[in-house]
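A short write-up of the structure that comes next.
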Amino acid sequence: MVDPISDQNRRKYPRLNLPILYRAAPFLSRRHPVMNISLAGVCVYSDEELTIGKRLELEFFMPDNTSMICTARAVWQNPLPEGAAAAYEIGLEFLEISPDDIQRLAKVLHFELPAD
């Protein structure tokens, strides 16, 4: 088993628990809370099993009542025990996200991006 403290220390960007919701395309689906989010990716609960490497288009609903859309891919997946909030915990890596949305996300995360 991976030591979560060591795993967190290896991250380039810290992951935070924030009141952010997401939904996968098609964007008529129900909104779900994210477990944690960073500038590099997000951890979500899902009842749907995903193939590692699967690409998803996601819409995030930010605390300031705006939203952003990005493309991500599944990089890991853990089944959750019966009675948990969902069937799976899934790690998604951001692949395509606009520079403006990265700036907005950095602001929400209180993370200062280096100047170009």
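A few comments on the model shown:
- Just one of the listed residues (74, 84) is more than 17 Å from residue 111 (Cβ to Cβ), of a type in the set (A, V, I, L, M) and surrounded by 14 or more Cβ atoms within 10 Å (Cβ to Cβ), namely 74.
- Filter result for residue 115 (at pLDDT 85 or above and outside any helix (DSSP H, G or I)): no
- Odd one out for residue 73 among (1) of a type in the set (Lys, Arg); (2) at pLDDT 85 or above; (3) not in a strand (DSSP E or B): (3)
- In the condition set (1) outside any strand (DSSP E or B); (2) in contact (Cβ under 8 Å) with a residue 12 or more places away in the chain, residue 81 is compliant with all but (2).
- Subset of the range 22-70 (residues that are closer than 13 Å to residue 90 by Cα, of a type in the set (D, E, K, R) and either touching a Lys or Arg at 6+ places or on another chain (Cβ under 7 Å) or part of a strand (DSSP E or B) (or both)): 54, 55
- Set side by side, the residues 46, 6 differ, and just one is modelled with pLDDT under 85 and not aliphatic (A, V, I, L, M), which is 6.
The values are calculated or read from the model by the stated rules, or taken from the named source; none is laboratory data. Computed from a predicted structure; not experimentally measured. Cβ coordinates were reconstructed from backbone atoms using ideal geometry, including for glycine residues, and neighbour counts include every protein chain displayed.
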